[in-house]
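Here is the structure we will look at.
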Amino acid sequence: MLSVVPSPVTVRAPSKVNLHLGVGDLREDGYHDLTTVFQALSLSDDLHISPAAALTVKVSGEGAADVPTDRTNLVWQAAVRLAHLAGRVPLVEIAIAKGIPVAGGMAGGSADGAAALVGLNELWDIGLARDELMSIAAELGSDVPFALHGGTALGTGRGERLLPVLSRNTFHWVLAFAKGGLSTPAVFAELDRLREIGAPPRLGPPEQLMQALAAGDPEQLAPLLGNDLQAAAVSLQPELRRTLRAGVSAGALAGLVSGSGPTCAFLCESESAAVAVAAELAGAGVARSVRTASGPVPGARILPPDTQV
Ligand code: C5P
């Protein structure tokens, strides 16, 4: 019998910034109910998936040394789940080229999980529909469905229930990567602690923010950006305050902590403004490294076969 070895696939998955991250009270299952507006950004990870003698995960690029290559990596979990569904053994090598900072609040691990789902569905010719991949994504982690979805979306529940949001134009961002990472559970726990000892302000509903997105106007959007986790991230890494101030002094329209941090995201009025703000922020020495990015971009997607990562 002729056995055909499937051709390798390359998948790109975006990072995200939460334009609005409203955090409810701690639930009995240990999660918090969220009302969030995600935007997928051009800063991304690429996965190259090829047939191999055993399940192997390799990582290169931004923060590679801090990424686990065992079953704790979401790509490993994605491979085991899809292999089980397809009734096969997960004999693949997954090479992750990281552009998204590790433990940075930009859902890099979730992006990799989403990319693995899309890539293996193709490599193994499983034929799962988008909504089936979405339910597996939600089991892998709260941010994985959005990394599949991409664009701009309203997330509720743990953040895994998504509705597309109308967004006109491309928005331009500067991202400041911090020296260390922050653990997402630790930041949520710090917010619970701050709420026990005081009453940090809570965001209202994101209606106005969604109108600004529909209008495609960065100046209208800037004052409406907000993140309930920011106080907790700043409490754990007080130097973020200086980073946030430096971005605005450098000419950004507004800055906020991305998700659970510690990456800070700065909205700029144009691409050229973002390049200028990035240069000034890099010179200010408040961040480990500084990048520009734009959004919204699509969710995890297969790249043409000849793409080098
Ligand atoms: O879903 P995921 O495994 O990515 O979540 C990581 C951790 O972040 C959870 O264990 C929980 O501590 C926290 N979290 C939360 N509420 C959410 C999402 C995440 O408290 N909606």
Could you tell me whether G226 is over 25 Å from A279 (Cβ atoms), under 17 Å from the mean Cα position of the chain (by Cα), surrounded by fewer than 22 Cβ atoms within 10 Å (Cβ to Cβ) and at pLDDT 95 or above?
-> yes
Filter region 178-198 for residues that are open to solvent by less than 30 Å² (accessible area, probe 1.4 Å), within 13 Å of the ligand (Cβ to nearest atom) and under 19 Å from A265 (Cβ atoms) and give the result.
-> L182, V187, L191
Which residues, taken from region 206-220, are open to solvent by 30 Å² or more (accessible area, probe 1.4 Å) and either under 22 Å from the mean Cα position of the chain (by Cα) or of a type in the set (A, V, I, L, M) (or both)?
-> M210, A215
In region 161-177, how many are open to solvent by less than 50 Å² (accessible area, probe 1.4 Å) and not hydroxyl-bearing (S, T, Y)?
-> 9
Flag if L128 is more than 14 Å from the ligand (Cβ to nearest atom) and closer than 30 Å to R202 by Cβ = no
Qualifying positions in region 263-305 - among the β-branched types (V, I, T), surrounded by fewer than 24 Cβ atoms within 10 Å (Cβ to Cβ) and in contact with a Leu (Cβ under 8 Å, 6 or more places away or on another chain) = V290, T292, V297
One residue from H84, H32, H48 being over 22 Å from T10 (Cβ atoms) and out of contact with any helix residue (DSSP H, G or I) (no Cβ under 7 Å at 6 or more places or on another chain) | H84
Being within 11 Å of the ligand (Cβ to nearest atom) and open to solvent by 10 Å² or more (accessible area, probe 1.4 Å) is the filter here, so list the residues in region 141-160 that pass it.
-> G141, S142, D143, T156, R158, E160
Selection within region 12-51 - β-branched (V, I, T) and open to solvent by 10 Å² or more (accessible area, probe 1.4 Å) = T35
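Going by the structure shown, is A95 of a type in the set (G, A, S), in contact (Cβ under 8 Å) with a residue 12 or more places away in the chain and within 14 Å of the ligand (Cβ to nearest atom)? Give the derivation first.
On the way: of a type in the set (G, A, S): yes; in contact (Cβ under 8 Å) with a residue 12 or more places away in the chain: yes; within 14 Å of the ligand (Cβ to nearest atom): no.
In short, no.
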Mind checking whether some residue in region 196-209 is of a type in the set (K, R) and without any contact (Cβ under 8 Å) to a residue 40 or more places away in the chain?
-> no
Residue set T184, T170; condition within 22 Å of G63 (Cβ to Cβ) and within 20 Å of the chain's Cα centre (by Cα); output residue T184
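I need the helices (runs of 4 or more DSSP H) fully contained in region 103-176, keeping only those with at least 2 residues that are at positive phi and of a type outside the set (G, A, S). Spell out the reasoning first.
Details: elements: 108-123, 130-140, 144-149.
Qualifying helices (runs of 4 or more DSSP H): none found.
The values are calculated or read from the model by the stated rules, or taken from the named source; none is laboratory data. This is a predicted model, so every value here is computed, not measured. All Cβ positions, even for glycine, are placed from backbone atoms using ideal geometry, and neighbour counts span all protein chains on display. We work out accessible area using only protein heavy atoms, side chains counted, and drop any ligands, DNA or RNA first. Shrake-Rupley method; radii C 1.70, N 1.55, O 1.52, S 1.80 Å.
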